[in-house]
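Here the structure comes first, spelled out in structure tokens, and everything after it is commentary.
The values are calculated or read from the model by the stated rules, or taken from the named source; none is laboratory data. Just so we're clear, the structure is a prediction, and the values are computed from it rather than from any experiment. Note that each Cβ is placed from the backbone with ideal geometry, even for glycine, and that neighbours are counted across all protein chains shown.
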Amino acid sequence: MSALPERPVVLLVEDDRDGRLLFAEWLQQSGFRVEQAHNGFQALERAFDLMPDAILTDLHIPGIDGYELTRRLKADSRTQHIPILAVTGYAPFTNDPSRADRAGCDAILTKPCLPDVLESTLTALIAQARERRTA
């Protein structure tokens, strides 16, 4: 179970329906409230509307990809504080893993990843973001 005091909101961005449902189930069982988006444009809009505690995104999504989504969110003062975790099996990522760092991702996990690793990574990112905001 999450070490955070309340149910943090995670915006889950994944175009593969089965993958999105699997991640959503894992996150809900770990105590997160999950909102979903299936493409980059929808994710951008939802992020501004929801102001989630964290964003979990695939890098290879339709519309704008996860790299561009991250760049836009990190460039906007309203959303720059939101931690972004990329979870990807996107083949070009393996050729240039630092590209996600350069885009502004706070952490990256490769697919497949274990539920406990996903939970602990998100929990740590959210806790760090909250500490920075109250410091």
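Residues checked against (1) of a type in the set (Ser, Thr, Tyr); (2) surrounded by fewer than 20 Cβ atoms within 10 Å (Cβ to Cβ); (3) under 21 Å from residue 132 (Cα atoms); (4) out of contact with any Ser or Thr (no Cβ under 7 Å at 6 or more places or on another chain):
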{"residue": "16", "(1), (2), (3), (4)": "no, yes, no, yes"}
{"residue": "39", "(1), (2), (3), (4)": "no, yes, no, yes"}
{"residue": "56", "(1), (2), (3), (4)": "no, no, yes, yes"}
{"residue": "104", "(1), (2), (3), (4)": "no, yes, yes, no"}
{"residue": "107", "(1), (2), (3), (4)": "no, yes, yes, no"}
{"residue": "117", "(1), (2), (3), (4)": "no, yes, no, yes"}
- Some residue of region 88-98 being on the phi > 0 side of the Ramachandran plot and either buried (at least 20 other Cβ atoms within 10 Å of the Cβ) or not β-branched (Val, Ile, Thr) (or both): no
- Tell me which of these residue 66 doesn't satisfy, since it passes every other one: (1) of a type in the set (Gly, Ala, Ser); (2) out of contact with any strand residue (DSSP E or B) (no Cβ under 7 Å at 6 or more places or on another chain); (3) within 20 Å of residue 42 (Cα to Cα). (2)
- Specify which of the listed residues (107, 47, 86, 91) is modelled with pLDDT of 95 or more and small (Gly, Ala, Ser). 47
- Item | Single residue of region 5-14 satisfying the filter (touching an Asp or Glu at 6+ places or on another chain (Cβ under 8 Å) and under 18 Å from residue 126 (Cβ atoms)) that is surrounded by the most Cβ atoms within 10 Å (Cβ to Cβ) | 13
- Test residue 24 against the stated conditions and say whether it is touching a residue at least 12 places away in the same chain (Cβ under 8 Å) and within 22 Å of residue 7 (Cα to Cα). yes
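Yes/no matrix, rows are residues, columns are (1) more than 10 Å from residue 11 (Cα to Cα); (2) among the aliphatic types (A, V, I, L, M):
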{"residue": "33", "(1), (2)": "no, no"}
{"residue": "41", "(1), (2)": "yes, no"}
{"residue": "46", "(1), (2)": "no, no"}
{"residue": "58", "(1), (2)": "yes, no"}
{"residue": "66", "(1), (2)": "yes, no"}
{"residue": "73", "(1), (2)": "yes, yes"}
- Test residue 30 against the criterion of being surrounded by fewer than 18 Cβ atoms within 10 Å (Cβ to Cβ), polar (S, T, N, Q) and out of contact with any Lys or Arg (no Cβ under 9 Å at 6 or more places or on another chain), and give yes or no. no
- Would you mention how many residues in region 34-69 are part of a strand (DSSP E or B) and over 20 Å from residue 101 (Cβ atoms)? 4
- Item | Evaluation of residue 17 against (1) out of contact with any strand residue (DSSP E or B) (no Cβ under 6 Å at 6 or more places or on another chain); (2) under 20 Å from residue 124 (Cβ atoms) (one fails), failing number | (2)
- Picking from 31, 19, the residue that is of a type in the set (Gly, Ala, Ser), touching a residue at least 12 places away in the same chain (Cβ under 8 Å) and not in a loop (DSSP other than H, G, I, E, B) would be 19
